[in-house]
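Undergrad: Handing you a structure now.
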Amino acid sequence: MKIVYDKRYAEHLRGIPHPESPQRVEFVATALQQAGKLDELITPNDATDDDILRVHDRRYLKTVEHEIDALHGAAAYLSTGDTVVDSSSLGVARRAAGGALAAVDACIQYGAPVFALVRPPGHHAEPDRGMGFCIFNNVAIAARAFLARHGGRVLIVDFDYHHGNGTQRVAGDGLSYVSAHAFPAYPGTGSADENYAISEDIVANVPLTAHNFGTEAFVALWEQLLPAVARRVKPDLILVSAGFDYVAGDCVGDLNVAPAASSDLARLINRIAQEHARGRIAYVLEGGYDLQALAESVMRIAAASDRHETSASGAAVEAIPPAQRQLLERWNAKE
């Protein structure tokens, strides 16, 4: 599996106590290197203003530029919300969005999954504000670039513990979004009331019971949800908001799901991509704050991708709690 990575990603918030730390990507990169997975490393470029402005307002971009330029080595919150930045953050955020763009280009070129090991994450960033740990919405920027260049349809699959409110905000016009996430939890969005389907564009949210959902239920839910959505969307590209804070013990999330679930998710996404998207899958790192669990999860996705695995997990549908099973039945009924 080809990896997109840049050592510059570790500059953001260096030396500042924060769960979204440079060690997240450094630890994973070391594990990948030791396993020989960085032999064909893809080095990204910065996202341009044109790339960013397909998703974000010009006024917001100028706010980010102005406020970060004024920091001179200090750290502060962006005025738009709860996002901590330092003097390096604008350059790193541009390179993170560029990493998502590079991953999409590579997966198109090779017809195989690519993983963008980037930070800061992006799925909370809305058109007019940063939120959470996010400055620019990396996956949305990559999706809009693909649609501008190639047309067709993109499906963003978000299995992070938290709902990707920013990504949902820009769905439509060829971009669909599917998420299963803890609810109620930050950012407080992603209820089933926000779901819609217009033509081929879909927003599909399945809110989960926080902290104790469990591995079998999590895997079985995705194995029911994703095929139903994909059959409706028929995506030409699958972009994955790959957040691993659902793993048991994560200090920011924790759905009591084992790291091994990422193998099952990768096999499922492989199946869907082979059926609909000519194998085009671009993973873009979002959350995941336990270093060991994060590294294991990414390594498992790389292994399943390299072996072209597509087998089903065997997780029982009965493991899914009744509330979530009812939502899945509605999506299956809409096909």
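Undergrad: Of all the helices (runs of 4 or more DSSP H) wholly in the range 24-132, which have at least 2 residues that are under 22 Å from Ile156 (Cα atoms)?
TA: Details: elements: 49-53, 58-69, 89-110.
Ranges flagged: 49-53, 89-110.
Undergrad: For the range 284-334, name all the residues that are surrounded by fewer than 21 Cβ atoms within 10 Å (Cβ to Cβ) and of a type in the set (Ser, Thr, Tyr).
TA: Within the range 284-334, Thr310, Ser311, Ser313 meet the criteria.
Undergrad: Say whether the condition of being touching a helix residue (DSSP H, G or I) at 6+ places or on another chain (Cβ under 6 Å) and open to solvent by 50 Å² or more (accessible area, probe 1.4 Å) is met by at least one residue in the range 9-16. First the steps, then the outcome.
TA: Quick first cut of the range 9-16, residues touching a helix residue (DSSP H, G or I) at 6+ places or on another chain (Cβ under 6 Å) only: 9-12.
Next, from what is left, pick out any that are open to solvent by 50 Å² or more (accessible area, probe 1.4 Å): 11.
Among the residues of the range 9-16, at least one is touching a helix residue (DSSP H, G or I) at 6+ places or on another chain (Cβ under 6 Å) and open to solvent by 50 Å² or more (accessible area, probe 1.4 Å), which makes the answer yes.
Undergrad: Ok, one more. Report, by residue number, each residue of the range 58-74 that is open to solvent by less than 50 Å² (accessible area, probe 1.4 Å) and not aliphatic (A, V, I, L, M).
TA: Once the filter is applied, which keeps residues that are open to solvent by less than 50 Å² (accessible area, probe 1.4 Å) and not aliphatic (A, V, I, L, M), the range 58-74 yields Tyr60, Thr63, Glu65, Glu67.
Undergrad: In the range 101-125, which residues are in contact with a Pro (Cβ under 9 Å, 6 or more places away or on another chain) and of a type in the set (D, E, K, R)? Step through it out loud before you land on a result.
TA: Within the range 101-125, the first condition is being in contact with a Pro (Cβ under 9 Å, 6 or more places away or on another chain), and the residues that meet it are 101-103, 107, 116, 118-119, 124.
Hit for the range 101-125 is Arg119, nothing else.
Undergrad: Okay, next question. I'd like the residue in the range 214-239 that is open to solvent by less than 20 Å² (accessible area, probe 1.4 Å) and assigned to a loop (DSSP other than H, G, I, E, B) and, out of all such residues, is farthest from Ala116 (Cα to Cα).
TA: Top of the filtered list is Gly214.
Undergrad: Can you name the residue in the range 76-101 that is of a type in the set (A, V, I, L, M) and open to solvent by 20 Å² or more (accessible area, probe 1.4 Å) and, of all such residues, is farthest from Asp51 (Cα to Cα)?
TA: Filtering the range 76-101 for residues of a type in the set (A, V, I, L, M) gives 76, 78, 84-85, 90, 92-93, 96-97, 100-101.
Subset that is open to solvent by 20 Å² or more (accessible area, probe 1.4 Å): 76, 84, 90.
Numbers: Ala76: 26, Val84: 23, Leu90: 14 Å.
Once the filter is applied, the top-ranked residue is Ala76.
Undergrad: In the list Asp201, Asp173, Asp193, Asp160, which residue meets the criterion of being open to solvent by less than 10 Å² (accessible area, probe 1.4 Å) and either more than 25 Å from Phe115 (Cα to Cα) or among the acidic types (Asp, Glu) (or both)?
TA: Values: Asp201 fails: open to solvent by less than 10 Å² (accessible area, probe 1.4 Å); Asp173 fails: open to solvent by less than 10 Å² (accessible area, probe 1.4 Å); Asp193 fails: open to solvent by less than 10 Å² (accessible area, probe 1.4 Å).
After ruling out the rest, the residue left standing is Asp160.
The values are calculated or read from the model by the stated rules, or taken from the named source; none is laboratory data. Predicted model only: the values in this text are computed from it and were never measured. Methodologically, a virtual Cβ is constructed for each residue, glycine included, from the backbone with ideal geometry; neighbour enumeration extends over all protein chains shown. Calculation scope for accessible area: heavy atoms of the full protein, side chains included, ligands and nucleic acids excluded. Shrake-Rupley method; radii C 1.70, N 1.55, O 1.52, S 1.80 Å.
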